[in-house]
Amino acid sequence: MNNKIQYAMGFILSPDKKRVALICKNKPARLVGMLTGIGGHREQDESFIECLIREVEEEAGVITAEGEWLQFATVSTDEMYMPCYVMYSDKIDDVRTMESEKVSIFNVNDLSDLILAPLALDLVWLTIDRRKGILNLTTHQITPLKENI
C-alpha cells in the first residue's frame, strides 16, 4: 500500500437514507463534471479518518468527529487505496460549498439520472442497501466491511 495514492471518501446521508451529499469534481480531468463522495488525499501525518474529517470540513463546511463515521468499504486498485465511510446525520442540512468544487444534496432515488464518478453509485447503494451494491468490479476491488449498515 505504500506506493499507492491514498485517499479517504465519505458519504453524508440523512438519517432516513433518502438524501446524500455529493461533490461535483473539477479535477482530475477524468472526473470533471462527475459527482462523488466528499474526500481527498491523505496527508503523510494523518490517519484516513483524520483525512476525511479534514476534507469534509474544508469542502463541505461540516465539522464532524471520528465517532460519527462508519467505515463501510475499501476501494483498492493497483494505483490507489481508499477507505470509504458513511455518516447518517441531520448534519447533511449544514452542507455547503466551501471551495471550487460544488457540494450539493441529492435525493437518493434520483441518482441513476445523474452523472456519478465510477463506482460512486455502487458505494452509495452499499450505504443504503447491501443487495443493490457492487455492480461493476472490472477495474476496482470494493471490499464491504459491515454486514448491516
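The values are calculated or read from the model by the stated rules, or taken from the named source; none is laboratory data. Here the structure is a predicted model, which means the values were calculated and not measured. Note: ideal-geometry Cβ built from the backbone for every residue, glycine included; neighbour counts use all protein chains shown.
A few remarks follow.
- Within region 102-125, residues that are on the phi > 0 side of the Ramachandran plot and surrounded by 19 or more Cβ atoms within 10 Å (Cβ to Cβ) have Cβ atoms under 8 Å from residues that are part of a loop (DSSP other than H, G, I, E, B) and not basic (K, R) in these pairs: L119/N136; L119/H140, counting only partners at least 6 apart in sequence or on another chain.
- Residue, surrounded by the most Cβ atoms within 10 Å (Cβ to Cβ), within region 1-51, restricted to residues that are of a type in the set (A, V, I, L, M) and without any contact (Cβ under 8 Å) to a residue 24 or more places away in the chain: V32
- Summed over region 61-92, the residues that are closer than 16 Å to E46 by Cβ, among the aliphatic types (A, V, I, L, M) and part of a strand (DSSP E or B) give a count of 1.
- So K91, is it within 22 Å of L126 (Cβ to Cβ), of a type in the set (K, R) and either touching a Pro at 6+ places or on another chain (Cβ under 9 Å) or at pLDDT below 95 (or both): no
- Filtered by the rule that a residue be more than 28 Å from N3 (Cβ to Cβ) and more than 14 Å from the chain's Cα centre (by Cα), region 63-94 gives I63, T64, A65, G67, E68, S89, D90, K91, D93, D94.
- Selection within region 1-17 - small (G, A, S) and in a strand (DSSP E or B): A8, G10
- Residue ID - modelled with the highest pLDDT, chosen from residues in region 18-59 that are in a loop (DSSP other than H, G, I, E, B) and under 23 Å from D90 (Cα atoms): G37
- Test for E66: is it loosely packed, with under 12 Cβ neighbours inside 10 Å and under 17 Å from P118 (Cβ atoms): no
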